[in-house]
Amino acid sequence: MTTPSAPAAPLDPQAGEDPLRPLSALIIGAGFGGLGMGLRLIQAGVRDFIVVEAEAGVGGTWRVNTYPGAACDVPSSLYSFSFAQKPDWSHTYARQEEIRLYLEELATRGGLRPHLRLSTRALACAWDEERALWVVDTDDGRRRWARALIAAAGGLSQPAMPQIDGLADFGGPCFHTARWDHQVDLRGKRVGVIGTGASAIQVVPAIIDQVAELSLYQRTPPWILRRRDGPRSPLLNRLRAAVPALMHAERQARWAAAELRVIGFVHEPRLMRVAQRFAEAHLRASVPDPALREKLRPPFTFGCKRVLLSNDWYPALQRPNLRLVDRKVLRVERGAVVSAGADGAEGPEERRPLDVLICATGFVAANAVPGFSVVGRGGQTLAAAWARGPEAWHGTLVHGFPNLFLVVGPNTGLGHSSMVLMIEAQLQLILDALRHLQRHRWIEVKAEAQKAENDDLQRRLSTTVWAGGCGAWYIAADGRNTTLWPGSTARFARQLRALDTAAVSLG
Ligand code: N01
């Protein structure tokens, strides 16, 4: 793996605890975003920064999501940092543990360890206008001061439990996919799974062989394409290591192929009909029973919700011990889930006794207010600023919050390529902003720049495939898509290459 230089730089354990000697930066989160930021800071020669991370180790979502079958649905050659590529991924699509180990190794080899403050949760961040510093309180009882606050706590880090009556009274084990309870032995159990999204399609095939029976509660079936996965040849991996140019070329080819998909998602949604035919053919070839096929056909345009990749989802759904319940979940009772009857809401209810209930029900909307309080200029909270829905400039800076930088902020999500590319573009912008902070005390995006950009974003989003009204989680309550970036990753990277000083105020 090519990694940044890693000089051993001992960092004062109390770094940042004296407002007269603030940190250059305090990063929240040690996933792809926070680790990447730390590595880029080290590359740039910055040493006085720390990364606080609530978990006991690095990896972010790839540490937390340990559910059976967890893997990435973006090819590994693209789902890794351009400046730390790994020649020896074991599969085309890496499994969770391998990605976690990649990030662990990066943290070590990149010299990040002295900067990490693990098992440390950010509780409150406030902008001290007089000192032009962020004051950050953490759950270890410490208060730290930093010139820049970099929030990289993850777009999908807060699990969303479903709002179903009686869920708390289930009695038996009941957990979310992102909080998998490995103490629970599923062998021989009657298991319920609620949800049929990206997490469920990985979990269900991985556990179906162990359980006695699995009741799968489907509200909306997803579009699924074949997953062209497989082990990577060890010989080719050695070649990739020996000739890094080969590895780089392969990444470029993957990137270019993914980039083309933006045409269908953003510019010509009608083209999605072609891709939909592939998904329909996959469904037809995998599910011979027309009645079941009908239940599994999504009622929305291909691409409006996240397109999923799987070869084992449809086979799992046809296993004799799986029961697909495509009716509304009415309530949870002690040891059972009650759904509407076969004839719809009017028909008799169906009560299925279960030993374990798994909620594969997704996350609190990406880019929602972080799980810690953020108070900016004039005492305004980020929650208040985002009352209508999250909004930022370049997904990174927010008016009213000087020297605050978000990684994976509003409208940085993708439907067509790797989030690591978006993260790298943001890291580049933040680095450039930090360079300006060597000459200025603070940077704040102008209100008019943020508004103009968001008006333009919403105009562009209004003609994309995501405007199809399919009830996807990336649409805010007011109908705006505050999650996705309507363009290519190249366009995003171009816009974020350097800080446009006309769009910001410098103090
Ligand atoms: O969550 P989801 P996820 N009653 O929101 C259903 C990323 N990811 O954890 O479609 C019944 O997609 C809900 O139904 P509906 C990726 O970005 C990546 O699976 O709203 N059902 C849906 O079926 C992804 O987009 C990887 O009608 C209820 C499901 O729960 C994001 O994470 C792997 C319900 C939620 O699906 C989220 O994926 C995994 C209720 N009350 C995840 N509430 C990679 O491979 C919700 N549902 C990189």
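Observations, loosely collected:
So that you can scan it fast, the table gives a plain yes or no per residue for (1) over 27 Å from the mean Cα position of the chain (by Cα); (2) among the basic types (Lys, Arg); (3) assigned by TED's automatic domain parsing to the domain that holds residue 309:
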residue	(1), (2), (3)
266	no, no, yes
269	no, no, yes
281	yes, no, yes
285	yes, no, yes
288	yes, no, yes
291	yes, no, yes
295	yes, yes, yes
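Residue-by-condition table, conditions (1) more than 16 Å from the ligand (Cβ to nearest atom); (2) farther than 29 Å from residue 129 by Cα; (3) open to solvent by 20 Å² or more (accessible area, probe 1.4 Å); (4) touching a residue at least 24 places away in the same chain (Cβ under 8 Å):
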| position | (1), (2), (3), (4) |
| --- | --- |
| 415 | no, yes, yes, yes |
| 418 | no, yes, no, yes |
| 428 | yes, no, yes, yes |
| 433 | yes, no, no, yes |
| 441 | yes, no, yes, yes |
| 447 | yes, no, yes, yes |
| 461 | yes, yes, no, yes |
| 466 | no, yes, no, yes |
| 481 | no, yes, no, yes |
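- The condition (being part of a loop (DSSP other than H, G, I, E, B) and within 29 Å of residue 248 (Cβ to Cβ)) is satisfied by just one residue among 69, 59: 59.
- Taken together, 101, 123 contain a single residue that is in a strand (DSSP E or B), more than 16 Å from the ligand (Cβ to nearest atom), open to solvent by 50 Å² or more (accessible area, probe 1.4 Å) and not hydroxyl-bearing (Ser, Thr, Tyr), which is 123.
- Filtered residues of region 483-495 (kept if more than 14 Å from the ligand (Cβ to nearest atom) and touching a residue at least 24 places away in the same chain (Cβ under 8 Å)): 486, 487, 488, 489, 490, 492, 493, 495
- Any chance residue 224 is within 30 Å of residue 297 (Cα to Cα), touching a Pro at 6+ places or on another chain (Cβ under 8 Å) and away from the ligand (no atom under 11 Å from the Cβ): no
- Taking the listed residues 316, 365, 340, the one that is touching a strand residue (DSSP E or B) at 6+ places or on another chain (Cβ under 7 Å), of a type in the set (A, V, I, L, M, F, W, C) and modelled with pLDDT under 95 is 340, with no other qualifying.
- Residue 259 passes every criterion in (1) assigned to a helix (DSSP H, G or I); (2) among the charged types (D, E, K, R); (3) in contact (Cβ under 8 Å) with a residue 12 or more places away in the chain; (4) open to solvent by 60 Å² or more (accessible area, probe 1.4 Å) apart from (4).
- Single residue of 454, 403 found to be at negative phi and more than 20 Å from the chain's Cα centre (by Cα): 454
- Checked against the criteria, residue 268 counts as of a type outside the set (A, V, I, L, M), open to solvent by 60 Å² or more (accessible area, probe 1.4 Å) and under 26 Å from residue 481 (Cβ atoms).
- For residue 441, the conditions (1) assigned to a loop (DSSP other than H, G, I, E, B); (2) over 22 Å from residue 25 (Cβ atoms) are fulfilled apart from (2).
- Number of the exception - residue 180 against (1) touching a residue at least 60 places away in the same chain (Cβ under 8 Å); (2) more than 16 Å from the ligand (Cβ to nearest atom): (2)
- For the criterion of being farther than 24 Å from residue 281 by Cα and at pLDDT 95 or above, residue 224 fails.
- Residue list for region 134-178, restricted to those being over 30 Å from residue 474 (Cβ atoms) and in contact with a Pro (Cβ under 6 Å, 6 or more places away or on another chain): 145, 146, 147
- Restricting attention to region 295-336 and to residues that are part of a strand (DSSP E or B) and touching a Gly at 6+ places or on another chain (Cβ under 7 Å), the residue that is surrounded by the most Cβ atoms within 10 Å (Cβ to Cβ) turns out to be 332.
- Subset of region 52-91 [surrounded by fewer than 19 Cβ atoms within 10 Å (Cβ to Cβ) and away from the ligand (no atom under 13 Å from the Cβ)]: 55, 56, 57, 82, 83, 88, 90
- Among (1) open to solvent by 20 Å² or more (accessible area, probe 1.4 Å); (2) in contact (Cβ under 8 Å) with a residue 12 or more places away in the chain; (3) small (Gly, Ala, Ser) - the single one residue 452 does not satisfy: (2)
- Residue selection: residue 377 fails the criterion of being within 16 Å of the ligand (Cβ to nearest atom) and surrounded by fewer than 20 Cβ atoms within 10 Å (Cβ to Cβ).
The values are calculated or read from the model by the stated rules, or taken from the named source; none is laboratory data. Quantities reported herein were computed from a predicted structural model and do not represent experimental measurements. Every residue, glycine as well, gets a Cβ built from its backbone with ideal geometry; the counts of neighbours run over all protein chains shown. When the accessible area is computed, the model is the full protein with side chains, heavy atoms only, and any ligands, DNA or RNA have been set aside. Shrake-Rupley method; radii C 1.70, N 1.55, O 1.52, S 1.80 Å.
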